[in-house]
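Down below is the structure, laid out as structure tokens.
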Amino acid sequence: MAETPAVRIPQNDPREATNDLITVLSQKVVGQPEAMSVIVPYLDMYFAELSPQGRPAGIFLLLGPTGTGKTRTVEALAEVLHGSAAKVLKINCGEFQMEHEVAKLIGAPPGYVGHRESQPMLTQARLDGVVSEKCDLSLVLFDEIEKAAPTLTRLLLGVLDRAILQLGDNTTVNFERSFVFLTSNLGARKMMEAMHPGLGFQTSVEHEHSDIGPKLKGIALAAVRKMFSPEFVNRLDAIITYQPLDTESFARILDQHIAELQEHVNTRLGARCFQIEVTPESREFLLRHGTSEEFGARELKRTVHRHLTQPLATLVARGHIEAGSRVCVEFTAGEESLALRTGPGTGVAYVPAPQTAQQPRVLIVDDNHDLLGFLEQHLARAGWKMLAAETVRQARQLVTSGMPQAALLDYLLPDGNGVELALQLRRENPRMHVIIMTGGLLSLEEEHLCRELDFPVLRKPFLTSDVMQLLRSRLAPSSSARA
């Protein structure tokens with residue numbers, strides 16, 4: 001019988017490498033120690049060469065509210081095992097919503113048109129490409145698995161059971177030295193309802209995470225069993241429900257983002273680098289506008305980019321920061337904004353333009369009169385002004401005269417479509433926030449554009465709270481406070 005090749009492990013003693021692994025991963029993935037404690041024992045088994053033969057070394061389904069660190073967990077593992085978060089074979093399941101699109105993963109079989117031209121996405125070469133000299137364990141991520149066509153989950157049955165995937169050209173891919181991660185937002189809306197049982201009104205009493213945790217797990221497991229077949233669920237090694245983040249976790253994540261920005265400045269500028277100092281009041285500002293219970297810490301990175309990275313880039317490009325100097329980020333209470341000052345508080349280097357006291361304006365384009373009237377009532381309660389249009393032509397006229405800060409665009413319009421209008425509006429005003437509404441499916445190209453340009457897609461029918469939360473997370477700080 002052929003001898004099984006030895007497993008390559010991190011260069012240090014594997015016991016030393018895994019003893020503190022839970023601590024290391026918990027520092028990278030904040031607020032989810034339970035999830036780390038589930039995954040790490042499977043690493044121990046792999047490094048000890050005691051993982052079951054004939055199946056992947058670990059199969060995990062990661063559930064929970066958005067912005068809690070599910071995808072970040074896989075990236076953190078890649079950093080620890082391989083030294084880079086990019087060492088992950090990631091499959092975005094949103095690109096495989098149609099049955100025929102699943103064939104792109106394994107390639108067309110012989111005899112089909114395009115057999116030689118189509119290159120499968122899941123190949124042994126790609127799997128081997130995400131390992132390193134330190135460790136030969138590959139990490140495979142199927143992101144948002146619930147969005148994929150049922151054919152994909154049936155295709156995965158063989159991978160999860162026998163660790164073998166047969167491609168269209170009859171070659172095979174071996175997943176025995178792989179961790180397979182599936183992420184999903186299944187049950188996320190019911191989780192939010194469980195966390196906020198007041199029918200959309202935020203309660204003044206915060207839930208204790210220890211109390212809500214078991215309830216969220218029950219909701220997640222019920223959603224999984226409803227979505228997937230029993231044979232699929234039974235092949236999973238662990239179903240992990242991520243808990244909502246608390247205030248302390250948000251603060252630690254912000255510290256990580258600021259530290260990453262400082263490291264980025266030091267690496268890219270070299271001898272021209274400078275020190276960034278963020279005051280406690282400024283940290284509170286960033287946390288206030290970059291985090292929420294519904295979206296977790298997903299918006300925090302974008303908030304740091306908008307309020308720190310971009311202004312710093314402006315100062316560097318204009319030569320206003322001397323090498324080795326200190327840049328202090330201060331909160332300006334009267335203007336509800338951040339100001340960047342260089343040196344020991346000697347002068348203002350960068351102060352954002354003060355925000356006007358007028359109502360934030362939201363452009364909504366839809367030929368449904370009832371929907372427009374309904375949304376207008378809710379926007380008015382939030383202190384926002386609505387600009388309503390039923391066609392692309394009307395929308396263009398309103399943009400010229402009204403200068404909205406955000407746009408909510410229906411995909412199907414009488415004289416065009418919302419994605420094309422969104423591209424036009426973004427070209428004319430790069431700071432405009434755009435949300436697309438649709439009752440059907442976008443093309444792959446349009447889906448890619450929406451992801452690349454950060455155009456969230458709301459699927460009809462949707463709840464008014466979905467719209468309001470998206471707008472609150474993107475509009476000016478004054479609107480959030482007023483709402």
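The values are calculated or read from the model by the stated rules, or taken from the named source; none is laboratory data. Worth saying up front: this structure is predicted, and the values here are computed from it rather than measured. Heads up, the Cβs are rebuilt from the backbone with ideal geometry, glycines too, and the neighbour counts pull from every protein chain shown. Heads up: the accessible areas ignore ligands, DNA and RNA and are worked out on the full protein's heavy atoms, side chains in. Shrake-Rupley method; radii C 1.70, N 1.55, O 1.52, S 1.80 Å.
Could you say which residue among 146, 206, 193 is part of a helix (DSSP H, G or I) and modelled with pLDDT under 85?
Only one candidate qualifies: 193.
Which ones in region 33-45 are open to solvent by 10 Å² or more (accessible area, probe 1.4 Å) and touching a Pro at 6+ places or on another chain (Cβ under 9 Å)? Correct list: 44, 45.
Among residues of region 54-73 that are under 29 Å from residue 469 (Cβ atoms), those with a beta-carbon under 9 Å from a residue that is of a type in the set (Lys, Arg) and buried (at least 24 other Cβ atoms within 10 Å of the Cβ) at least six positions away or on a different chain give the pairs 62/70; 63/70; 64/70.
Residues in region 172-195 that are open to solvent by 60 Å² or more (accessible area, probe 1.4 Å) and out of contact with any strand residue (DSSP E or B) (no Cβ under 7 Å at 6 or more places or on another chain): 176, 189, 190, 193. Considering (1) among the hydrophobic types (A, V, I, L, M, F, W, C); (2) part of a helix (DSSP H, G or I); (3) open to solvent by 20 Å² or more (accessible area, probe 1.4 Å), the lone condition that residue 220 does not fulfil carries the number (3).
Please specify each residue of region 296-319 satisfying the condition of being aliphatic (A, V, I, L, M) and either open to solvent by 80 Å² or more (accessible area, probe 1.4 Å) or assigned to a helix (DSSP H, G or I) (or both).
At the first step, the residues of region 296-319 found to be aliphatic (A, V, I, L, M) are 297, 300, 304, 308, 312-313, 315-317.
Those that are aliphatic (A, V, I, L, M) and either open to solvent by 80 Å² or more (accessible area, probe 1.4 Å) or assigned to a helix (DSSP H, G or I) (or both): 300, 304, 308, 312, 313, 315, 316, 317.
The residues on offer are 57, 86, 78, and the sole one that is open to solvent by 30 Å² or more (accessible area, probe 1.4 Å) and of a type in the set (A, V, I, L, M) is 86.
Among the candidates 213, 270, the residue that is more than 30 Å from residue 157 (Cα to Cα), out of contact with any Lys or Arg (no Cβ under 8 Å at 6 or more places or on another chain) and either in a strand (DSSP E or B) or small (Gly, Ala, Ser) (or both) is uniquely 270. Look at (1) at pLDDT below 80; (2) under 23 Å from residue 337 (Cβ atoms) and you find that residue 405 fails only one, number (1). The residue that is modelled with the highest pLDDT, counting only those in region 435-483 that are over 22 Å from residue 301 (Cβ atoms) and either among the acidic types (Asp, Glu) or touching a Leu at 6+ places or on another chain (Cβ under 6 Å) (or both), is 437. Scanning region 417-462 for residues that are open to solvent by 40 Å² or more (accessible area, probe 1.4 Å), of a type outside the set (Asp, Glu), under 22 Å from residue 405 (Cα atoms) and out of contact with any strand residue (DSSP E or B) (no Cβ under 8 Å at 6 or more places or on another chain) yields 423, 424, 427, 429, 430, 431, 449, 451.
Could you tell me whether region 268-276 includes any residue that is touching a helix residue (DSSP H, G or I) at 6+ places or on another chain (Cβ under 6 Å) and among the polar types (S, T, N, Q)? Among the residues of region 268-276, not one is touching a helix residue (DSSP H, G or I) at 6+ places or on another chain (Cβ under 6 Å) and among the polar types (S, T, N, Q), which makes the answer no. Within region 239-259, the set of residues being assigned to a helix (DSSP H, G or I), open to solvent by 40 Å² or more (accessible area, probe 1.4 Å) and within 27 Å of residue 179 (Cα to Cα) comprises just one member, 256.
From the residues in region 303-332 that are without any contact (Cβ under 8 Å) to a residue 40 or more places away in the chain and of a type in the set (Gly, Ala, Ser), which one is nearest to residue 262 (Cα to Cα)? Selected residue: 313.
Screening region 396-414 for residues that are open to solvent by 80 Å² or more (accessible area, probe 1.4 Å) and not in a helix (DSSP H, G or I) and picking the one that is farthest from residue 474 (Cα to Cα) gives 414. All conditions but one from (1) more than 30 Å from residue 153 (Cα to Cα); (2) assigned to a helix (DSSP H, G or I) apply to residue 322; the one that does not is (2).
Residue under question is residue 154, and the condition is that it be open to solvent by 10 Å² or more (accessible area, probe 1.4 Å), within 29 Å of the chain's Cα centre (by Cα), on the phi < 0 side of the Ramachandran plot and without any contact (Cβ under 8 Å) to a residue 12 or more places away in the chain; does it hold? In short, yes.
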